[in-house]
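What follows is one structure encoded as structure tokens, with my remarks underneath.
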Number of protein chains: 2
Amino acid sequence: MTDSEAQDTAASWQLNSVTEDPSFLLARANALSLGAGNAALRPLGLKVRSYSVLALVCDGLYPTQRELADYLRLDPSQVVSLIDDLESRDLVERRTDERDRRSKVIAPTGEGQRVRAEARERVRAAEEAPLAVLSPEERDTFSALLARVAFPPQR
Amino acid sequence: MTDSEAQDTAASWQLNSVTEDPSFLLARANALSLGAGNAALRPLGLKVRSYSVLALVCDGLYPTQRELADYLRLDPSQVVSLIDDLESRDLVERRTDERDRRSKVIAPTGEGQRVRAEARERVRAAEEAPLAVLSPEERDTFSALLARVAFPPQR
DNA sequence: ACCATTTCATTGAGAAAGTCAACTATACAC
DNA sequence: GTGTATAGTTGACTTTCTCAATGAAATGGT
């Protein structure tokens, strides 16, 4: 079977029960987007995960590691690894929070800001592909709805 | 910090650059949906992955492992494990494809169909939660757009 | 009919990611 | 002050991902 035939098979399968399942669609769309994003960031030595951390840190929020873990739904130990990696490359730095000396506030370095700016452009370009199938208006609608699903009002 | 304060922090952060990033939103929405789905399926000894396989197999498509791998974007070796697991529980069975004896067609057992029906209901119920924030019309719109993103026309 | 190439399922190795239980230092409530 | 709770860290362990290699079977060219 050639690649295009495999594609045809997948396409013809769109008439099945799984394809109507939003959670399955979400997983697949995420896989596409994650793949494109990681590929785009590879030259910078980043992945979507580490980029998300870097971007949050560069937003002037000075988050603690705990806040990063909550926001990104990561185990605190994963945040340790991510920050270790970014800090070892001098993209961010840990600063003990003087108001609560248990926690560490993460601050971007100048280099971190620079890398983040480049990463942002690469990610933006990479996102075009998966979302290119939607018109600009559809894309806005989709993003708005998605944001509400991703951040339910409360729970 | 209490849980609700952490929630507040996350909520207040919605004014940052990452939150506008569709790929990040997709990742987060997927994490929510995956968590809910896996929790709902745990009593049946399934996960969202294995359920996706079982559901496809029960759709009367008689897919080969290769087709499952393509469709679910999995490495063929992962499909081996998934089918091993389902087959060991007599939910599906491998049948050598007589038209191409290299490949194996996966067929559901009666028990597989039964478990799948129950799993479908559980997944449906679990999906309500993440999507409950949308009105029925919004939900339809969202699903339709998501389906196009997840299955781009061709590439 | 033969040979080279390709594909499918499988195995196994190694990397990456997720989960969980301790532990230290610090903060907070009483 | 003392007990309890939290932030970060470490380490163990499991799961998942990614890749290379292999045997069996199909395909195409000559």
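The values are calculated or read from the model by the stated rules, or taken from the named source; none is laboratory data. Owing to the predicted nature of the structure, the values given are computational and were not obtained by experimental measurement. No Cβ is skipped: glycine too gets one built from the backbone with ideal geometry, and neighbour counts run over all protein chains shown. The protein model used for the area step is the full one, side chains on, heavy atoms only, and it has no ligands, DNA or RNA in it. Shrake-Rupley method; radii C 1.70, N 1.55, O 1.52, S 1.80 Å.
Surface exposure of segment A:26-82, expressed per residue as accessible area with a 1.4 Å probe, stands at 40 Å². Residues B:Glu98, B:Glu87, B:Glu111, B:Glu127 ordered from highest to lowest accessible area at a 1.4 Å probe: B:Glu98, B:Glu111, B:Glu87, B:Glu127. Here A:Lys47 is the anchor, and the aspartates and glutamates within straight C-alpha reach of less than 16 Å, apart from those fewer than 8 places off in the same chain, are A:Asp84, A:Asp85, A:Glu87, A:Glu118, A:Glu121, A:Glu127, B:Asp21. The heavy atoms of B:Ser143 offer some 30 square angstrom of accessible surface to a 1.4 angstrom probe.
Which percent of the accessible heavy-atom area of the protein assembly as shown goes to carbon and sulfur, probe 1.4 angstrom? Carbon and sulfur atoms account for 49 percent of the accessible area of the protein assembly as shown. When the surface is traced with a 1.4 Å probe over the full set of protein chains, A:Lys104 keeps roughly 90 Å² accessible.
Among residues of chain A, the one whose Cβ lies closest to the rotation axis carrying chain A onto chain B, together with that distance rounded to whole Å, is A:Asn30, 2. Compute the signed sum of charges (Lys and Arg +1, Asp and Glu -1) over the other residues within less than 12 Å, Cβ to Cβ, of A:Leu26. Neighbourhood net charge equals 0. Take the alpha-carbon centre of segment A:57-78, take the same for segment B:34-81, and report the distance between them in whole Å. Distance between centres, Cα-based: 32 Å. Dividing the Cα radius of gyration of segment A:21-150 by its Kirkwood radius returns 1.01 for Rg/Rh. For chain A, complete DSSP H runs whose alpha carbons reach 15 Å or more along their own long axis and whose mean Kyte-Doolittle score is 0.5 or higher are A:22-41. Distance between the C-alpha centres of segment B:122-148 and segment A:90-130: 33 Å, rounded to the whole angstrom. For the protein assembly as shown, the spread of Cα positions along the three principal axes, ordered from largest to smallest, is 69, 40, 38 Å. Under 5 Å from the amide H of B:Glu93 lie the amide H atoms of B:Ala107, B:Thr109, each residue being 5 or more positions distant or on a separate chain, with H modelled from the backbone and absent for Pro and chain starts. For the pair B and A, the buried accessible area comes to roughly 5800 Å² in total, with a 1.4 Å probe and the value rounded to the nearest 100.
Mean separation of Cα pairs under 8 Å and 6 or more residues apart, divided by the residue count, gives segment B:21-150 a relative contact order of 27 percent.
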